[in-house]
Structures are given as C-alpha cells and as structure tokens.
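Following: one structure in structure tokens, then a few remarks.
The values are calculated or read from the model by the stated rules, or taken from the named source; none is laboratory data. Being a predicted model, the structure only gives us computed values, none of them experimental. Cβ atoms come from the backbone with ideal geometry, glycine included; neighbour counts cover every protein chain shown.
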C-alpha cells in the first residue's frame with residue numbers, strides 16, 4: 001500500500017498512537033470555491049501535530065482546524081465523520097440536482113467563503 005501511494009506522488013506522514021487518539025488520522029481535504037486545497041481537521045488533531053507535520057502538510061494544503069470537542073468526546077468521531085464526500089464532477093452534480101428538482105443550495109464538495 002505505501003509503495004503504491006508513494007509511486008503515485010503521495011507523501012506518507014507517520015503519526016503516533018497518541019496523535020491517533022487525538023484524531024490526527026481523521027482529516028479530509030476539501031476544495032474551496034477558489035480552488036485551494038483545505039485540510040479540515042479538529043483543533044485537537046491540529047494541536048497534536050508536530051511542526052514538521054504541519055510544514056509537510058502546508059506544502060499542499062491550508063490547515064483548517066475546527067473546535068469540535070463535543071463531537072469527539074461524546075460522539076466518538078471527528079472532522080471527517082461530519083462531512084459527506086461526493087465524488088461527482090460539478091456538471092454531474094448540477095445535472096442530478098436539476099433532475100431531482102431540488103431547490104436547496106448544494107455546496108457539497110466546496111466550502112463557501114473560504
């Protein structure tokens with residue numbers, strides 16, 4: 001698995017069990033309206049990242065820590081658990097919205113205003 005990831009241009013960043021406990025492995029990359037890559041993570045995860053981790057991540061993404069302590073302590077999940085992933089191109093998504101007759105605003109894979 002790690003060989004496949006590195007061959008495809010990805011960088012593997014090792015984390016500790018303590019960092020895992022603070023939900024460091026529970027992050028999600030989103031795309032902003034202006035095309036920037038945003039790495040959404042909990043404040044707990046952000047705080048437990050080392051400066052080396054942050055430097056490596058910020059080469060490719062803007063870190064967006066969220067204060068979601070209640071979700072983590074009571075719900076047992078973190079940032080990634082709170083975000084629905086939609087794997088459609090914008091044209092496909094717009095087509096499905098029109099087909100279903102939905103009048104709701106759909107910002108499913110973009111964060112408005114970031």
So, in the range 1-29, of the ones that are under 17 Å from residue 77 (Cβ atoms) and touching a strand residue (DSSP E or B) at 6+ places or on another chain (Cβ under 6 Å), which residue ends up surrounded by the most Cβ atoms within 10 Å (Cβ to Cβ)?
23
Would you check if residue 53 is at pLDDT 85 or above, in contact with a strand residue (DSSP E or B) (Cβ under 7 Å, 6 or more places away or on another chain) and either part of a loop (DSSP other than H, G, I, E, B) or surrounded by 12 or more Cβ atoms within 10 Å (Cβ to Cβ) (or both)?
no
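Give the residues of the range 27-45 that are part of a strand (DSSP E or B) and over 22 Å from residue 71 (Cα atoms), sorted by residue number. Spell out the reasoning first.
Quick first cut of the range 27-45, residues part of a strand (DSSP E or B) only: 28-32, 37-42.
Hits for the range 27-45 are 31, 32, 37.
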Return the total of residues in the range 14-26 being out of contact with any helix residue (DSSP H, G or I) (no Cβ under 6 Å at 6 or more places or on another chain) and either at pLDDT 85 or above or in a helix (DSSP H, G or I) (or both).
7
What are the pairs with Cβ atoms under 7 angstrom where one residue, in the range 9-23, is more than 20 Å from residue 43 (Cβ to Cβ) and the other, located anywhere, is in a helix (DSSP H, G or I)? Sequence gap at least six, or different chains.
11/56; 12/2; 12/5; 12/6
